[in-house]
Amino acid sequence: MADVFAILLLVGAYLLGSLCSAIFVCKALGLADPRTQGSHNPGATNVMRIGGKGPALLTLAGDMLKGVPLVLVAQYLNLAPELVGGIGFMAFLGHLYPVFFKFEGGKGVATALGVLLALYWPLGLGVVGTWLVIFTLFRISSLSSIIAFAAAPVAAWYLTPSYMIGILGMSVLLIARHKTNIKSLLKGEERKFGEKKE
């Protein structure tokens with residue numbers, strides 16, 4: 001019975017993660033589908049380009065929150081930490097490859113942050129702080145995300161090693177989803193926040 005319940009939580013986390021906040025927000029506000037505009041990424045940064053700060057904040061909140069509920073439920077039920085980390089990973093995986101949207105999702109930064117805050121809030125705040133520092137210095141969202149999540153597994157190893165596998169999995173996939181951004185960064189072509197494409 002316990003195994004069945006664990007599977008239900010894992011599947012439920014994936015399905016919850018598959019709900020795309022960017023698409024729902026843009027549709028509700030009469031904005032263009034984020035998958036067809038800007039960077040074509042259904043995430044808060046692209047929604048900012050399409051509709052401004054308000055829709056972007058709604059998208060950010062939605063993406064963060066969907067990584068939280070089932071992690072908290074699993075912690076409340078005192079399930080094994082490795083399972084709890086796996087549930088967070090599945091919510092993140094759902095965002096990247098949403099079953100409801102032809103498995104074409106975003107890069108997962110906000111959802112991963114929500115998962116980290118739910119798993120162990122000091123670690124989550126540390127990653128948010130790292131993101132903010134790098135963004136303040138360079139004004140490049142992708143660079144901030146890459147550095148923050150490259151550091152996340154290292155911090156997890158010291159702060160909460162029982163969640164290490166789930167956090168490492170999220171970080172590897174998140175950085176891999178930024179491969180186009182990494183190429184642009186290496187060429188010095190990645191746009192800064194607010195910088196318009198020529």
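A short reminder: the numbers here are calculations on the coordinates, not readings from a lab. All values derive from a computational prediction rather than experimental measurement. All Cβ positions, glycine included, derive from the backbone under ideal geometry; neighbour counts span all protein chains shown.
A cut-off of 5 Å between modelled amide H atoms, ignoring neighbours fewer than 5 places along the same chain, links ILE140 with PHE193. Near PHE135: Cβ cut-off under 13 Å, other residues only, Lys/Arg at +1 and Asp/Glu at -1. The net charge is +1. When only alpha carbons of region 1-45 are considered, Rg and Dmax amount to 15.3, 47 Å.
Fewest-first ordering of PHE103, PHE149 by other beta carbons within 10 Å of each residue's beta carbon gives PHE103, PHE149. Shown here: region 1-140, whose C-alpha atoms stretch 46, 35, 19 Å along the first, second and third principal axes, sorted largest to smallest.
What percentage of all Cα-Cα pairs in region 98-198 are separated by more than 21 Å? Intermediate results must be reported in sequence, preceding the final value.
Working: 1828 of 5050 pairs.
The answer is 36 percent, as a whole percent.
Under 8 Å for C-alpha pairs, at least 6 residues apart: give me the relative contact order for the chain, rounded to a whole percent. Present the calculation step by step, with values, prior to reporting the outcome.
Values: 302 pairs, mean separation 39.2, N = 198.
Relative contact order comes out at 20 percent.
One chain, two ends: TYR158 and VAL11. Fully extended at 0.36 nm per residue, the span grows by 50.0 nm beyond their Cα-Cα distance.
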